[in-house]
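K.L.:
Structure provided below as structure tokens; questions to follow.
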């Protein structure tokens, strides 16, 4: 099963408000994974190289939805 991956969006933010973490930067990206069978997954991933952030340094799935047969189903992530 072949998968075609497309980057739809990427951005950074500083989501923390505590004095200790205030300047920690978190990177986000939204990817579309298209499969040969016609289904697609929409995946929100995060990472941060900042030790003050709780996100890991590797891209990690935050939220994911799959589209199959006209239906959208949440399939994973921490949200």
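Please treat every number below as a calculation from the coordinates, not as lab data. Keep in mind that this is a model prediction, so the values were computed, not measured.
K.L.:
With bins 5 Å wide starting at 0, give me the P(r) of segment 3-77 over every alpha carbon pair, in whole percents.
P.N.:
With a bin width of 5 Å, the distribution comes to 3, 16, 21, 20, 14, 10, 7, 5, 2, 0.
K.L.:
Given springs between every Cα pair under 10 Å in a Gaussian network model of the chain, which of 46, 67, 26 has the largest fluctuation?
P.N.:
So, out of 46, 67, 26, the one fluctuating most is 67.
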